[in-house]
1. Any idea which of GLU89, GLU28 is among the charged types (D, E, K, R), surrounded by fewer than 18 Cβ atoms within 10 Å (Cβ to Cβ) and touching a Pro at 6+ places or on another chain (Cβ under 8 Å)?
2. Would you point out the residue of segment 112-154, among those that are charged (D, E, K, R) and more than 18 Å from the chain's Cα centre (by Cα), that is farthest from ASP74 (Cα to Cα)?
3. Would you pick out the residues in segment 66-99 that are hydroxyl-bearing (Ser, Thr, Tyr) and in contact with a strand residue (DSSP E or B) (Cβ under 6 Å, 6 or more places away or on another chain)?
4. Somewhere in segment 71-79, is a residue at pLDDT 95 or above and open to solvent by 80 Å² or more (accessible area, probe 1.4 Å)?
5. Within segment 155-168, restricting attention to residues that are among the hydrophobic types (A, V, I, L, M, F, W, C) and under 19 Å from LEU95 (Cα atoms), which residue is nearest to the chain's Cα centre (by Cα)?
6. For segment 18-39, give me each residue that is touching a Lys or Arg at 6+ places or on another chain (Cβ under 9 Å) and of a type in the set (A, V, I, L, M, F, W, C).
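The values are calculated or read from the model by the stated rules, or taken from the named source; none is laboratory data. Quick caveat, the model's predicted, so the values are computed rather than measured. Counting neighbours? That spans all protein chains shown, and the Cβs are built from the backbone with ideal geometry, glycine included. Calculation scope for accessible area: heavy atoms of the full protein, side chains included, ligands and nucleic acids excluded. Shrake-Rupley method; radii C 1.70, N 1.55, O 1.52, S 1.80 Å.
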Amino acid sequence: MLRGRAVTLRPATDADVPVFTAIRATPEVQRWWRGGADLAEAIRADLADDELAVYAIEHDGRVVGAIQWYAETDPDYRHASLDIFLDPEVRGAGLGGDAIRTLARHLIDEYGHHRFTIDPAAANTAAIRAYAKVGFRPVGIMRRYERGADGRWHDGLLMDLLADELPD
C-alpha cells in the first residue's frame, strides 16, 4: 500500500473490475479511455498484463479510480509512463494529483526512476491542467496519435516530469 495525503494506492485485483468498469463507463471517462464493447474484459486484460502495474485509488474507504504505470526498460531510455482515471464525482478535490505524486515518489524511491511521461489527448484540457499542477510540462504534440471512438485520428500531448521537479 502506498499512502498519499488523501489517497491510498493498492494493487488492483479482479475484485476491482466492477467499480473500474462503472467509472470508465461514465461519459466523462469513457470519452478519453474507451475500452471497446466489453469494458470489463478490457480492464481484466490490463490487470493481467505483466508489463503494466495497476493500482486502485482509494479515498475515504472507497475506490475512486485507478492509476497505472509501465516502464521503458532499455537502460539508455529508461523512464516510467503513467495513466490515471478518476470517478467524475471526486474530480477537483486534488485526489488525482495526490495519486500521481504518491506513485511517482514510490517509483523514484523504489525503482530509481528519474523521468515520467504522461500522454493525454491534446483536447483533454482538464487533464492537461491537472498534470501541469503536479509539475508535468508539455514536450510536444504527437500528431494523429490515437484513433478515437469516431474512427478518426486525434492528436496527443506528450508531457514529462523529472524526479527532481516533483513537488513534495
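1. Only one candidate qualifies: GLU28.
2. Filtering segment 112-154 for residues charged (D, E, K, R) gives 115, 119, 129, 133, 137, 143-144, 146-147, 150, 152.
Of the ones still in play, those that are also more than 18 Å from the chain's Cα centre (by Cα) are 143-144, 147, 150, 152.
Values: ARG143: 25, ARG144: 26, ARG147: 27, ASP150: 34, ARG152: 32 Å.
Top of the filtered list is ASP150.
3. TYR70, SER81
4. No: zero hits.
5. LEU161
6. Residues satisfying the conditions are VAL19, TRP33, LEU39.
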